[in-house]
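Since the structure comes first, as structure tokens, the remarks are kept for the end.
The values are calculated or read from the model by the stated rules, or taken from the named source; none is laboratory data. Please read all numbers here as calculations on a predicted model, not as lab measurements. Glycine also receives a Cβ, built like all others from the backbone with ideal geometry; neighbour counts cover every protein chain displayed.
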Amino acid sequence: MRSIWICVLVGGVFILLNSSCATVPTEPLASGELRLLGLYVPQREDIKVNFPFVVNINFEADGRPEIRTACFSFSGDGPYCVKVTNVSYGPPGTIKVLVRPKNSGSHSLESYVYYIKDRKVQPTNVVNCNIRVIP
């Protein structure tokens with residue numbers, strides 16, 4: 001019985017440590033700043049090589065910055081950048097883009113966005129999720 005409690009306690013500690021590691025900065029947004037919160041791929045299980053799929057990028061922003069380009073890497077292969085045409089300013093905001101994978105397999109899909117801040121093109125932070133591409 002004691003070993004069960006120890007396993008539960010150790011498991012709880014690992015869960016707390018993993019959940020406290022945030023990849024998104026938690027400080028307040030600067031004036032005109034855009035911060036990505038995460039990626040969501042609705043058809044994560046049905047992605048095929050050379051067929052475009054929808055990626056939703058969630059973000060928060062100070063105001064309504066002009067979003068230019070979204071860039072993606074598939075496990076380090078890339079970046080592949082596409083012009084952004086579908087933006088909802090939320091909150092949270094959502095950028096919808098079509099992405100076309102070139103290789104099959106399991107990938108870490110990473111993304112960042114270029115936007116206009118103080119009349120200069122700025123990159124955002126990087127967010128990622130795991131996907132599987134079938135032949």
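Here are the numbers for the structure shown:
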quantity	calculated
Looking only at the stretch 89-135, and only at residues there that are more than 28 Å from V49 (Cα to Cα) and assigned to a strand (DSSP E or B), the one that is nearest to the chain's Cα centre (by Cα)	G93
Candidates R44, R35 - the one that is closer than 16 Å to Q122 by Cα and in contact (Cβ under 8 Å) with a residue 12 or more places away in the chain	R35
Some residue of the stretch 76-83 being part of a loop (DSSP other than H, G, I, E, B), within 15 Å of V127 (Cα to Cα) and either at pLDDT below 95 or not charged (D, E, K, R) (or both)	yes
Selection from the stretch 84-122 of residues that are within 21 Å of S31 (Cβ to Cβ) and either polar (S, T, N, Q) or without any contact (Cβ under 8 Å) to a residue 24 or more places away in the chain (or both)	V87, R119, K120, Q122
Considering residues of the stretch 1-57 that are surrounded by 13 or more Cβ atoms within 10 Å (Cβ to Cβ), farther than 21 Å from I134 by Cβ and among the charged types (D, E, K, R) only, the residue modelled with the highest pLDDT	R35
